[in-house]
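I have placed the structure first, in the form of structure tokens, so that the comments after it can refer back to it.
Just so you know, all these numbers are worked out from the coordinates, no wet-lab data involved. Note that this is a predicted model, so its numbers are computed, not measured. Note that each Cβ is placed from the backbone with ideal geometry, even for glycine, and that neighbours are counted across all protein chains shown.
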Amino acid sequence: MSQTAANETLRKEFNTWADAGKGESMEHEHRPIVEPMLAMMHFAPDEAILDVGSGGGWLVRELASRVPQGRAVGMDLSDEMVQRAHRASSNVRNAEFIVGSVDTIPREPNSFDRVISVESSYYWPDPAVGIREIFRVLRPGGSAWILINYFRDNSYCHQWAKLIPIPMHLFSGDEWSQLLRNAGFNEVLHSRIVDPTPAPETYSGRWFRDAAELAAFRREGALLVHGSKPAQG
């Protein structure tokens, strides 16, 4: 499948998710693992930040509040997600939302101090291309932060591939880190962020067999991979 066809498949699927309200539910699901990542990042108030796969825009609004003299840009393949994020963020003056794909980010080189991706990178048709694009739009000394719940080192998520009707990449922490190094990033590290949310006594969802498996998944934690673009000179 060509990159264009793959992106169109993703756009249609995520538009369906938007219509089902999944963009709005992502804050509840992702904030427990995102907050520790944000605490590690030590933002300056004038930074420019790109969120790749911004969905309903909750993280962009959070980022905008942390860079009051800067700008937070959310990019998503789904035009429906972008429209919903626009409406929900109309009172946030330093937030912006654009339709775009990580393989051709519609921004000039050296545009951002940070690029963040939460729970979207394993959907990218070619993650290596996406990471090279992130490197391109980062300013020298800028950094990329990728947070992932679907990865090889956490066996409790592997069954998701049978439940989601679009292709996903199941990479290990070492493999994601190597993709960043191959693109030119240095100071590349990967670690886990444990989800402290208590599991319910009973579980009736589709992603796990039971509450015990959900609890085990959360104990394993999400994968955080980050690296820096070398500074000039």
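Ranked highest first by average number of other Cβ atoms within 10 Å, how do 152-160, 38-46 line up?
Most protected by this proxy first, the peptides run 152-160, 38-46.
Relative contact order for the chain: what percent, with Cα pairs under 8 Å and sequence separation of 6 or more?
18
Starting from the amide H of Gly74, placed 1.01 Å from N in the peptide plane, find each other amide H under 5 Å away whose residue is 5 or more places distant or on another chain.
So Gly74 has HN proximity to Asp51, Glu96, Phe97, Ile98.
Excluding same-chain residues fewer than 8 positions from Lys162, which aspartates and glutamates have a Cα within less than 16 Å of its Cα?
Glu13
By average Cβ neighbour count within 10 Å, what is the ranking of 81-88, 99-106, 207-214 from highest down?
81-88, 99-106, 207-214
Helix 127-137: angle to the longest alpha-carbon principal axis of the chain, degrees 0 to 90, nearest 10?
Tilt relative to the chain: about 30 degrees.
Going by a ≥ b ≥ c, the root eigenvalues of the Cα gyration tensor, does region 1-77 fall in the rounded group (a/c under 1.5), the prolate group (a/b larger than b/c) or the oblate group?
prolate
Using just the helices of the chain, give the 222 nm mean residue ellipticity in deg cm²/dmol: DSSP H runs with n ≥ 4 each add -39,500 (n - 2.57), and the total is spread over all residues, rounded to 500.
Value at 222 nm, helices only, nearest 500: -12000 deg cm²/dmol.
For region 3-228, what is the per residue volume of the convex hull drawn over the alpha-carbon atoms, in cubic angstrom?
Expressed per residue, the convex hull around the Cα atoms of region 3-228 is 113 Å³.
Using Cα pairs under 8 angstrom and six or more residues apart, how large is the relative contact order of region 1-131, in percent?
Contact order relative to length: 27 percent.
Using θ = phi - 60° and the Karplus form 6.51 cos²θ - 1.76 cosθ + 1.60, what ³J(HN,Hα) does each residue of region 16-24 get, whole Hz, x for Gly and Pro?
4, 4, 4, 4, 7, x, 5, x, 6
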